[in-house]
Amino acid sequence: MANRYYAKDITKDLDKKFVILKGWIHELRELGNLKFLVLRDGSGFVQVTIIKKNVREERFKEVGKLPRESVIEIQGQVSKSKEAPNGIEVIMQDFKVLSLSKAVLPLEVTEKTPAMPQQRFDFRSIDLRKPRNHAVFVIESKLIEGMIEYLNANDFIQVFTPCIMGSASESGAEVFKIDYYGKKAFLRQDPQLHRQLTIAGGFEKIYDLGPSWRAEASHTTKHLCEHRTIAVETAFIDDEVDIIRLEENLVIAALKKVNKECKEELKFFDVKLKVPEVPFPELRLSQVYQILAKRGKEIYGQDLDAEAEKIMHDYVKKKYNSEFYFFNRFPFKIKPFYVMRVDNEQEWARSIDLYYNGVELSSGGQREHRYDILMEQVKEKGISPESVEWFTKFFQYGVCPHGGFALGIERITKQLLNLENIRDAVLFPRDPERLLP
């Protein structure tokens, strides 16, 4: 690896320099006594030119028979060329085959021939070689990196909460049951409750990056059975508006990171990520229901369905010209027992959702930290106090006001890049039909 160069390293400044390249044969074409090989690695593409008179005859013939997607090592000299992409190429002196590909590929990596989704995900490892797909995950990585940098700079620490639960984290519905040494256990739906217990343990600023699961029989382009979130919790807040401000800053930090470091990757999607102005519009559900009713959608007291989300997206776009916006103060009756109500307006919960272009990205808000009220809400929801004692008992020992949110990594990636399907933002997606590869 000592002398290896990457495609991105091959610039005019290296003219006449001997280099070693390693990667996949993306394309190969022959023109008389010349062969042109496009080598692809994780950083991009470089043109390799094979001149018949410069190499042994048998090597010239051999390289021309190599199937696309074979992995090779190229030894050659960098040369300026007006005809080559970016004005630079590598003149091959010799090569080494590291791994031969089958001659017939299950997918067209050059993307000249589109494949059906089923075929793409059956051969996902080949599908991921497409430069556009590679760009998705570079951008997704930078989104997360930008968020982590912001949180670390503001004294948050990363924690790891359990993925296996002894009881369902929210309800018995839409939960995956597993066998745990002969006992019934569950994959978590959200790292929420253990984040709260970590706050109760005296950790004032935390974040958890990891997977969650929902056993939804959903086949939409925005749902997954396994997804990842960056889940943030913070102590000593005044109310849920502090959480809104925190999440705004997190999103802005992520977008700035991508804009700065993913200029080439963004070109694949023909999008310009606009860093939004703060504060993001905030609409409370009492207001939302009125707006919907005026447009013929009567759902007072209910959660927002797809039609309501579309109506509100159009409304916010027209009134505020904003792609990001919050819904706040949902009806308590549709929210879990642990959310905090508005003391003087008991109908409403201090519960927030962040939306981007009509799709929910996160859910969060202020949690109820007062033990007596928490237990009243447990009973009001018809939950057995014994079933949640493992969680609620700690609130008898002094828990500070706190709140947080869980932001979907795949959701925000899909929306920012205008991907048709959230599965394209997952390396190996899990949905009701797919468990392999």
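The values are calculated or read from the model by the stated rules, or taken from the named source; none is laboratory data. No experiment lies behind these values; they were computed from the predicted model shown. Counting neighbours? That spans all protein chains shown, and the Cβs are built from the backbone with ideal geometry, glycine included. These accessible areas exclude ligands, DNA and RNA; they are computed on the full protein's heavy atoms, side chains included. Shrake-Rupley method; radii C 1.70, N 1.55, O 1.52, S 1.80 Å.
Given (1) buried (at least 23 other Cβ atoms within 10 Å of the Cβ); (2) out of contact with any Gly (no Cβ under 6 Å at 6 or more places or on another chain), where does Thr221 come up short, assuming only one miss?
The single condition Thr221 does not satisfy is (1).
What single numbered condition from (1) open to solvent by 30 Å² or more (accessible area, probe 1.4 Å); (2) of a type in the set (Val, Ile, Thr); (3) closer than 28 Å to Lys12 by Cα; (4) in a helix (DSSP H, G or I) fails to hold for Val63?
Unmet condition: (1).
Contact list please: Cβ distance under 6 Å, first residue in the range 44-58 and within 24 Å of Tyr5 (Cβ to Cβ) and assigned to a strand (DSSP E or B), second residue among the charged types (D, E, K, R) and open to solvent by less than 30 Å² (accessible area, probe 1.4 Å), pairs at least six apart or on different chains.
Close Cβ pairs satisfying both conditions: Gln47/Glu89; Thr49/Glu89; Ile50/Lys35.
If I ask for residues that are over 24 Å from Val109 (Cα atoms) and without any contact (Cβ under 8 Å) to a residue 40 or more places away in the chain, which ones from the range 5-26 would you list?
Across the range 5-26, the qualifying residue is only Asp13.
I'd like the full set of residues that are open to solvent by 50 Å² or more (accessible area, probe 1.4 Å) and either under 14 Å from Leu143 (Cβ atoms) or touching a residue at least 12 places away in the same chain (Cβ under 8 Å) (or both), limited to the range 242-265.
If the condition is that a residue be open to solvent by 50 Å² or more (accessible area, probe 1.4 Å) and either under 14 Å from Leu143 (Cβ atoms) or touching a residue at least 12 places away in the same chain (Cβ under 8 Å) (or both), then Asp242, Arg245, Asn249, Lys256, Lys260, Glu261, Glu264 are the ones that fit.
Which one is most open to solvent (accessible area, probe 1.4 Å), of the residues in the range 66-102 that are outside any strand (DSSP E or B) and modelled with pLDDT of 95 or more?
Lys102
Filter the strands (runs of 3 or more DSSP E) completely within the range 253-362 down to those with at least 1 residues that are of a type in the set (Lys, Arg).
Once the strands (runs of 3 or more DSSP E) in the range 253-362 are filtered for at least 1 residues that are of a type in the set (Lys, Arg), what remains is 282-284.
When you go through (1) at pLDDT 95 or above; (2) within 30 Å of Thr221 (Cβ to Cβ); (3) in contact with an Asp or Glu (Cβ under 8 Å, 6 or more places away or on another chain); (4) surrounded by fewer than 18 Cβ atoms within 10 Å (Cβ to Cβ) one by one for Asp122, which number turns out not to apply?
(3)
What number of residues in the range 1-15 are out of contact with any Ser or Thr (no Cβ under 7 Å at 6 or more places or on another chain), open to solvent by 30 Å² or more (accessible area, probe 1.4 Å) and outside any helix (DSSP H, G or I)?
Here the count works out to 6.
Could we say that Pro162 is outside any loop (DSSP other than H, G, I, E, B), touching a residue at least 12 places away in the same chain (Cβ under 8 Å) and open to solvent by less than 60 Å² (accessible area, probe 1.4 Å) here?
No; evaluated as a whole, the condition is false for this residue.
To keep it simple, each residue is scored yes or no on (1) without any contact (Cβ under 8 Å) to a residue 24 or more places away in the chain; (2) farther than 24 Å from Gly403 by Cβ; (3) open to solvent by less than 10 Å² (accessible area, probe 1.4 Å).
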| residue | (1), (2), (3) |
| --- | --- |
| Asp190 | no, no, no |
| His194 | no, no, no |
| Leu197 | no, no, no |
| Gly201 | yes, no, no |
| Glu204 | no, no, no |
| Asp208 | no, no, yes |
| Ser212 | no, no, yes |
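From the list His227, His219, which one is more than 21 Å from Ile334 (Cβ to Cβ) and touching a helix residue (DSSP H, G or I) at 6+ places or on another chain (Cβ under 6 Å)?
Just one listed residue meets the conditions, His227.
Name every residue in the range 21-39 that is open to solvent by 30 Å² or more (accessible area, probe 1.4 Å), within 18 Å of Asp94 (Cα to Cα) and not acidic (Asp, Glu), in order of residue number.
Lys22, Trp24, Leu28, Arg29, Asn33, Leu34, Phe36, Val38
Can you tell me which residue in the range 392-437 is nearest to Glu247 (Cα to Cα), limited to those that are surrounded by 18 or more Cβ atoms within 10 Å (Cβ to Cβ) and either among the acidic types (Asp, Glu) or at pLDDT below 95 (or both)?
Residue satisfying both the conditions and the ranking: Glu410.
Go through (1) modelled with pLDDT of 95 or more; (2) farther than 19 Å from Ile243 by Cβ; (3) not hydroxyl-bearing (Ser, Thr, Tyr) for Arg370 and report which single condition fails.
Among (1) modelled with pLDDT of 95 or more; (2) farther than 19 Å from Ile243 by Cβ; (3) not hydroxyl-bearing (Ser, Thr, Tyr), Arg370 violates only (2).
Please specify each residue of the range 378-391 satisfying the condition of being β-branched (Val, Ile, Thr) and either open to solvent by 10 Å² or more (accessible area, probe 1.4 Å) or free of Cβ contacts under 8 Å to residues at least 12 places away in the same chain (or both).
The answer is Ile383, Val388.
Please identify the pairs in which a residue from the range 338-365 that is more than 19 Å from Arg245 (Cβ to Cβ) has its Cβ atom under 8 Å from the Cβ atom of a residue that is small (Gly, Ala, Ser) and open to solvent by 10 Å² or more (accessible area, probe 1.4 Å), counting only partners at least 6 apart or on another chain.
Within 8 Å, the pairs are Trp348/Ser286.
Could you check the range 143-158 and list, in sequence order, the residues that are outside any helix (DSSP H, G or I) and among the aromatic types (Phe, Trp, Tyr)?
Phe156
Just to be sure, is Ser43 within 20 Å of Trp24 (Cβ to Cβ) and open to solvent by 20 Å² or more (accessible area, probe 1.4 Å)?
yes
Does Val55 fit the bill of being in contact with a strand residue (DSSP E or B) (Cβ under 7 Å, 6 or more places away or on another chain), closer than 26 Å to Val138 by Cα, of a type outside the set (Ser, Thr, Tyr) and crowded, with 17+ Cβ neighbours inside 10 Å?
For Val55, the condition - in contact with a strand residue (DSSP E or B) (Cβ under 7 Å, 6 or more places away or on another chain), closer than 26 Å to Val138 by Cα, of a type outside the set (Ser, Thr, Tyr) and crowded, with 17+ Cβ neighbours inside 10 Å - is not met.
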